[in-house]
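The values are calculated or read from the model by the stated rules, or taken from the named source; none is laboratory data. This one's a predicted model, so the numbers in the text were calculated from it and none came from an experiment. Glycine also receives a Cβ, built like all others from the backbone with ideal geometry; neighbour counts cover every protein chain displayed. SASA here: full protein model, heavy atoms, side chains in, ligands and nucleic acids out. Shrake-Rupley method; radii C 1.70, N 1.55, O 1.52, S 1.80 Å.
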Amino acid sequence: MARIGFLGLGNMGGPMAANLVRAGHAVRGFDPVPSARQRLVAAGGLAVEAAAEAVRGAEVVLSMLPEGRQVREAYLGPGGVLATAEPGALLIDCSTIDVATARSVAEAAAARGLPMLDAPVSGGVGGATAGTLTFMVGGEEEAFARAKPILEAMGKAVIHAGPSGNGQAAKICNNLMLGIQMISVCEAMALAEKLGLSHQTLFEISSKSSGQCWSLTSYCPVPGPVPSSPANRGYAPGFTVAMMRKDLKLAQEAAQAVGARTPLAAEAYQLYNLFASKATEGLDFSAIMTMIAPKDD
Ligand code: NAD
């Protein structure tokens, strides 16, 4: 069992750290938010008052932070992970961030003899809690082999996506599909209703036809067909509108940087921007259904 330092004990990091404790690892966690630290203590881990205290002495350092800015600060900043980690410690960042930041932080880590992986996840808070996340991992083969048993305590699939940054590339591409597909299901549901075809009937047909996708069969954006989907609980998240905007923005920036054509993703990003407001940012991203088909329409 490993000594693990865990930075970022929020909606995702909290339950992920708890699963590491459950698997028998010694977890020291840090988050600036006291209630997040308390959750780790309740799960049987040790909460510390500074990032350096979590990192010092750890064989593996994991992080689950909001954005690239926090990852850069936590790893490269004064008293950060690179300055504090034990020689040879394995660093794994699970946050969803831009490919360029992932690669540059991993390069700085390698220059200090610290192998680093980008290992963003799919599966949301439900998957983090149940220990059924999918990890998409970028970095050296040897570091991946070391990380795999640790990540398996938190996920059902741990996939090596190639060299450093490729985990983030996979995550961005996956969520590009997700963002577009959700809007496609919303549009089809809205059109069906206007044509006199019920949501339930379209669901039954399309879930067994070529329109089938996760946004329809697991996350259906209208109440009814999939009882566990956020549409049945007032679009409580789940995966928020703010997060979908963030990931579509990362996809647009990545596409621009390498000259890839992503016209539908650009449109999806615009639609999520149009939908986003103070009132909607915190809703599940499937709530965009309420803009595509307003109740009084
Ligand atoms: P969150 O805001 O709930 O948690 C992030 C935590 O990091 C917060 O508790 C914050 O206090 C902490 N933090 C910030 N700076 C820190 C630092 N320097 N050291 C230690 N802790 C620090 O966000 P989340 O939902 O847990 O998401 C985390 C990452 O996972 C994001 O990159 C997100 O895009 C990605 N993600 C989220 C989901 C989801 O459904 N929530 C799904 C897949 C991927």
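Figures for the structure shown
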quantity: Given (1) under 14 Å from the mean Cα position of the chain (by Cα); (2) open to solvent by 30 Å² or more (accessible area, probe 1.4 Å), number of the condition D93 does not satisfy; calculated: (2)
quantity: Failed condition for T129, given (1) on the phi > 0 side of the Ramachandran plot; (2) surrounded by fewer than 24 Cβ atoms within 10 Å (Cβ to Cβ); (3) not aliphatic (A, V, I, L, M); calculated: (1)
quantity: Residue satisfying condition, being within 20 Å of E253 (Cα to Cα) and surrounded by fewer than 18 Cβ atoms within 10 Å (Cβ to Cβ), within set S104, S184; calculated: S104
quantity: Extreme residue, most open to solvent (accessible area, probe 1.4 Å), among residues of the range 187-211 that are of a type in the set (S, T, Y) and either under 27 Å from E267 (Cβ atoms) or part of a helix (DSSP H, G or I) (or both); calculated: S210
quantity: Matching entry among G29, G14 (being within 10 Å of the ligand (Cβ to nearest atom), surrounded by 24 or more Cβ atoms within 10 Å (Cβ to Cβ) and in a helix (DSSP H, G or I)); calculated: G14
quantity: Pairs where the first residue, in the range 101-118, is more than 17 Å from H160 (Cβ to Cβ) and among the charged types (D, E, K, R) and the second is modelled with pLDDT of 95 or more and assigned to a helix (DSSP H, G or I), C-beta under 7 Å, 6+ apart; calculated: R112/L82
quantity: Within the range 103-133, considering residues that are in a helix (DSSP H, G or I), within 11 Å of the ligand (Cβ to nearest atom) and in contact with a strand residue (DSSP E or B) (Cβ under 8 Å, 6 or more places away or on another chain), the one nearest to G10 (Cα to Cα); calculated: A128
quantity: Leading residue by the ranking (nearest to L216 (Cα to Cα)) among those in the range 134-181 that are open to solvent by less than 60 Å² (accessible area, probe 1.4 Å) and in a loop (DSSP other than H, G, I, E, B); calculated: M154
quantity: Scope the range 222-258; condition over 18 Å from the mean Cα position of the chain (by Cα), over 21 Å from I97 (Cβ atoms) and surrounded by fewer than 21 Cβ atoms within 10 Å (Cβ to Cβ); matching residues; calculated: P223, G224, V226, P227, S228, N232, R233, G234
quantity: From the options G124, G79, residue that is at pLDDT below 95, of a type outside the set (F, W, Y), touching a Phe, Trp or Tyr at 6+ places or on another chain (Cβ under 6 Å) and surrounded by fewer than 24 Cβ atoms within 10 Å (Cβ to Cβ); calculated: G124
quantity: Scope the range 38-62; condition at positive phi and either at pLDDT below 95 or open to solvent by 40 Å² or more (accessible area, probe 1.4 Å) (or both); matching residues; calculated: G44
